[in-house]
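See below for the structure under consideration.
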Amino acid sequence: MPRWLPVLLFASVMTVLPLIPGIPPFWIVLLDNIGLAALVAMGLVLLTGVGGLTSFGQAAFCGFGAYTTAYITTVYGLSPWLTLPASLVVAGIAAVLLGLMTVRLSGHYLPLGTIAWGIALYYLFSKLDFLGRNDGISRVPPLSIGPIDMYDPYSIYFVIWAMVLISAVLTMNLLDSRTGRAIRALRRGHVAAEAFGVQTARAKLLVFIYAAVLAGLSGWLYAHFQRNVNPTPFGPQAGIEYLFIAVVGGAGYVWGGVLGAAIVIILKEVLQGYLPLLFGGQGQLEIIVFGILLVVLLQLAPGGVWPWLANLVPLKFRRTATGKAGGLPARERVGSSAAPLLKVERARKQFGGVVAVNDVSFEVNAAEIVALIGPNGAGKSTTFNLITGILTTTGGRIEVHGKPVDNTPPQEVVKLGIARTFQHVKLVPDMTVLENVAIGAHLRGRSGAITSMLRFDRGDEAKLLAEATRQIERVGLGAEIDQLAGSLSLGQQRIVEIARALCADPELLLLDEPAAGLRHLEKQRLAALLRQLKAGSMSVLLVEHDMGFVMDLADRIVVLDFGTRIAEGTPDAIKTNPDVIKAYLGALA
């Protein structure tokens, strides 16, 4: 099924709804409110569900959009349509200023930070004289097209839902792109994304601004729908409700924001209308019942209602063909084959009083397979993290093509032709194998967020996906290309990580326990692949506990024990080295 067909069907239904004879005006007002809430929730889907940044302050950005248009149209008499860019820009600027502080927070400090500035902005709106303080701004002019003034909820309905549909399409386009994959990778942590060149701080700020602009758009529509703006709809309670809407609908799904808005707003209206009749109007029982029903709903569908419904009615979308797309050009090689590709010289890493890597030195030359082995806790993965910039060195020097890379950010290290896998698999489980592998080619693409939203990135995107497809088939997982990464076995996930690393077209491939979880035949295929890569002038540095796999494959072996290099040599020399035997079998061996 083409991806645009459900959008077209939904647009047709929403166009016909208000034209049904006898539909009560109340329901049109309700649909207008659902559309306004859906815009904010859609931004939260991207911010919280996809980007992993929890925000309770989105209602404040609605306030920026609403107050901007209300002030300009009432004071200067400007057309509401001309104030739309101003409302979006003001919301965007506020997001930049707040985002530069907020996105640096992590853990529980992030949501607490959004609550803090959400409350602060709510009180700011209520204290500024030129915004009318608590009374706000009234007599906001309605939207108009030619001689038609949109005073009634029927006429503005089409504008609201047109904005919802346009925003949904732009958001889906953004997610289905190079930039979107970078944003989606953030939810599983920043380490893997940065290892392939993603500027995580920039990606977080981008999604923060985008969510704020959507909220500002909702605020602009709200001002001309209600024709009165005051601080109440933009307070912390509204911010919590918007986040609730996104979670109920499905925090990782664009249409989940629309569905969540419908569920929450309709449920509130039904409870407010019928519970007072049932209980004689005593107390605000609808709030209690509303909370109970939503808790029950989230127990039944913890991931949100939209994915729950999608599992009941699975739809197969047609993937864009990539086989005929031209591949990506090979990455420009930096160094020469004569000099060492990687040189680690007395590298040292201390965590307080613990020395994890103790003055370790070794080299990796062009077209060479080097194994880094040692007992658990020997410092092998820490050494990998020092080479790739995830950890900073305490002392020593690490060079790639003669250039020092110790304390260099991971995004710069990968540009020098180093790609890696991880000891603990770092894939995004709810992305397909193809999408996960394409993240590895992030630096080899050029399209940005705006070109992606407008679908001007298709040529660049086709090349990236074609490269990802080629690498997936190269590692023997072509049959699983459209499967979710989380549905694969651990061994298959490790192979997916190798394909992702190959998508960066590296000169040096760092593999952290690549054979763990693989069966015998799978290990043989992996060994054959690594020999093929070596024959193509790629170097491999691997950490592995399977000694049979290492001895048959490696040209040289470096042995670590308690962070110290105790031996280096050919596999035959390492097999008989007494220090190695002692480290693996104990002092009594």
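Throughout, read-outs are computed from the coordinates displayed, never taken from laboratory work. Since the structure is predicted, the reported quantities are computational estimates derived from the model, not experimental observations. All Cβ positions, glycine included, derive from the backbone under ideal geometry; neighbour counts span all protein chains shown.
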Could you give the nm distance between label points at I581 and I240, where each point is 7 Å from its Cα heading toward the beta carbon? 6.9 nm
Among beta bridges assigned by DSSP with both residues in the chain, the antiparallel ones amount in percent, to the nearest 5, to 60 percent
Quote the FRET efficiency, to the nearest 0.05, computed for R519 versus D572 with a Förster distance R0 of 25 Å and r equal to the Cβ-Cβ distance. 0.40
If I take R0 = 30 Å and measure r between the Cβ atoms of F456 and A339 in this structure, what FRET efficiency does the formula 1/(1 + (r/R0)^6) give, to the nearest 0.05? 0.10
For segment 341-403 and segment 31-95, what is the centre-to-centre distance using only Cα atoms, to the nearest Å? 49 Å
Cut-off is 10 Å between beta-carbons; in what order do L560, L100, L186 appear when sorted fewest neighbours first? L100, L186, L560
With +1 assigned to the C-beta of every Lys and Arg and -1 to the C-beta of every Asp and Glu, and no other charges, what is the dipole magnitude of the chain about the Cα centre in debye, to the nearest 20? 600 debye
Compute the signed sum of charges (Lys and Arg +1, Asp and Glu -1) over the other residues within less than 13 Å, Cβ to Cβ, of R104. +2
Give me H108, H224 ranked fewest to most by other Cβ atoms within 10 Å of their Cβ, as a rough exposure proxy. H108, H224
Of I148, I72, A195, which is farthest on the positive side of the dipole of segment 67-205, counting Cα position, with +1 on Lys and Arg Cβ, -1 on Asp and Glu Cβ, and the Cα centre as origin? A195
Residues whose modelled amide H sits under 5 Å from the amide H of V543, counting only those 5 or more places away in sequence or on another chain, are L372, L511, D512, E513
For the chain, calculated [θ]222 nm from helices alone, where every DSSP H run of n ≥ 4 adds -39500 (n - 2.57): -17000 deg cm²/dmol
Name the residue farthest towards the positive end of the dipole of the chain from the options I288, P276, W255, assuming +1 on Cβ of Lys and Arg, -1 on Cβ of Asp and Glu, about the Cα centre. W255
In segment 32-103, the chymotrypsin sites (Phe, Trp or Tyr not before Pro) that fall in loop regions by DSSP, at most 10 other Cβ within 10 Å: Y76
Using a simple spin-label model with points 7 Å from Cα along the Cα→Cβ vector, what separation in nm is obtained for V289 and Y109? 4.4 nm
Between 0 and 90 degrees, rounded to the nearest ten: what's the tilt of helix 25-44 against the longest Cα principal axis of the chain? 20 degrees
Charges at C-beta only: +1 for Lys and Arg, -1 for Asp and Glu. How large is the resulting dipole of segment 428-500 about its Cα centre, in Debye rounded to 20? 260 debye
Among (i) 27.0, 91; (ii) 28.3, 96; (iii) 22.2, 68, which one is Rg and Dmax of the Cα atoms in Å computed from these coordinates? (ii)
PRE reach from A528 (point 7 Å along Cα→Cβ): which of segment 466-501 fall under 18 Å by backbone N? 471-480, 492, 495-496, 499
For segment 472-581 the trypsin sites (Lys or Arg not before Pro) that pass both the DSSP coil test and the at-most-15 other-Cβ-within-10 Å test are R519
Can you tell me, using C-alpha contacts under 8 Å and at least 6 residues apart, the relative contact order of the chain as a whole percent? 17 percent
Expressed as a whole number of Å, what is the distance separating the alpha-carbon centroids of segment 160-200 and segment 418-450? 12 Å
Which angle from 0 to 90°, rounded to the nearest 10, does the C-alpha axis of helix 458-474 make with the longest principal axis of the chain? 40 degrees
Relative to the longest principal axis of the C-alpha atoms of the chain, give the angle of the C-alpha long axis of helix 520-535, reported between 0 and 90° and rounded to the nearest 10°. 80 degrees
Expected output is a single nm value to one decimal: the length gained when fully extending between L490 and K415, i.e. 0.36 nm times separation in residues minus the C-alpha distance. What is it? 24.2 nm
Ranked list, fewest to most other Cβ atoms within 10 Å of each Cβ, for E412, E513, E497: E412, E513, E497
The local net charge around P142, scoring Lys/Arg +1 and Asp/Glu -1 for residues other than P142 whose Cβ lies under 10 Å from its Cβ, equals -1
Listed residues L533, H224, T15: farthest to the positive end of the dipole of the chain (Cβ charges): L533
